[in-house]
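Read through the structure below, which is laid out as structure tokens, and then see the notes.
The values are calculated or read from the model by the stated rules, or taken from the named source; none is laboratory data. The model shown is predicted, which means the values in this text are computed figures rather than measured ones. Positions of Cβ are backbone-derived with ideal geometry, glycine not excepted, and every protein chain shown enters the neighbour counts.
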Amino acid sequence: MLQRKLITICVCAFLLGLPGIARGQQPKSIVASANGEGTIRLGKEEFKLHAVVVKLLEDGKAEIHLITDITVFVAGTWSRGDDADKSIKLTTTASNMEGGGKLFFGEDRKSIAGLKLEIFNKISKKTIMVDFVAK
């Protein structure tokens, strides 16, 4: 009888702890896209930014596609930012580029809310600035 009560208590404690465990888990890889408005400056040239596609891979690598009159690809790494502002810190990995920025998520933590990047190209000596807000 005592053994039955002990097993029942253990099972109940385990089941009560499950929601906390499930909530604490974060997706390992994220693929998200958003349409919206923004600008991308490549040196002195400025283009309207129409959409962003982001792949945050499990191994910490990031692939960012910036869709405008041209498509710009940025490779880098990512790490979780401040949980309160729902952001991802981005850093470029190309040897000829230096910089990074932040990717902001919406309330659901799956949809893109915005993107800010500032990357310096060491070869062309131009700064790439991205400011994007999803609709």
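Per the listing E37, E58, E63, the residue uniquely charged (D, E, K, R), at pLDDT 90 or above and not in a strand (DSSP E or B) is E58.
Sub-6 Å Cβ pairs linking a first residue in the range 79-95 that is closer than 17 Å to A32 by Cβ and part of a loop (DSSP other than H, G, I, E, B) to a second residue that is among the polar types (S, T, N, Q) and modelled with pLDDT of 85 or more, at least 6 apart or interchain, are G81/S87, ordered by first then second residue.
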